[in-house]
Amino acid sequence: MPLSAALNDADLEFKCLECDHAFKRKGSWFKVISTFKCEGCGAANRIGYADKLALFEKHSAPFG
Ligand SMILES: [Zn+2]
């Protein structure tokens, strides 16, 4: 199951696993990174492929 290209330019929200600080990045950004440093607490978060799939799934779910 590929990561949808439809979300490349969409803002996706991810929360830091350590402090729950929420931030937004483009779908295309999430596709290429594997870790990120939290803006809130400075913790290094790992984002694996399964995490990306879940994130894309959540944001591509139809509303209503
Ligand atoms: Zn944090």
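Brief remarks follow.
- In a DSSP loop and with at most 16 other Cβ atoms within 10 Å, the GluC sites (Glu not before Pro) in segment 11-64 are 18, 39.
- Among residues other than residue 37 with Cβ under 15 Å from its Cβ, the summed charge is +1 (Lys and Arg +1, Asp and Glu -1).
- Taking segment 5-60 and dividing mean pair separation by its residue count, relative contact order in percent (alpha carbons under 8 Å, at least six apart): 32 percent
- The solvent-accessible area of residue 37, taken with every protein chain present and a 1.4 Å probe, is close to 150 Å².
- Subtracting the Cα-Cα distance of residue 53 and residue 41 from their residue separation scaled by 0.36 nm leaves 1.9 nm.
- Nearest 10 degrees, 0 to 90: helix 49-60 Cα axis against the chain principal axis: 60 degrees
The values are calculated or read from the model by the stated rules, or taken from the named source; none is laboratory data. Keep in mind that what you see is a predicted model, and the values were worked out from it rather than measured. Note that we place each Cβ from the backbone using ideal geometry, even for glycine, and neighbour counts take in every protein chain shown. Please note that ligands, DNA and RNA were not included when accessible areas were found on the heavy atoms of the full protein model with its side chains. Shrake-Rupley method; radii C 1.70, N 1.55, O 1.52, S 1.80 Å.
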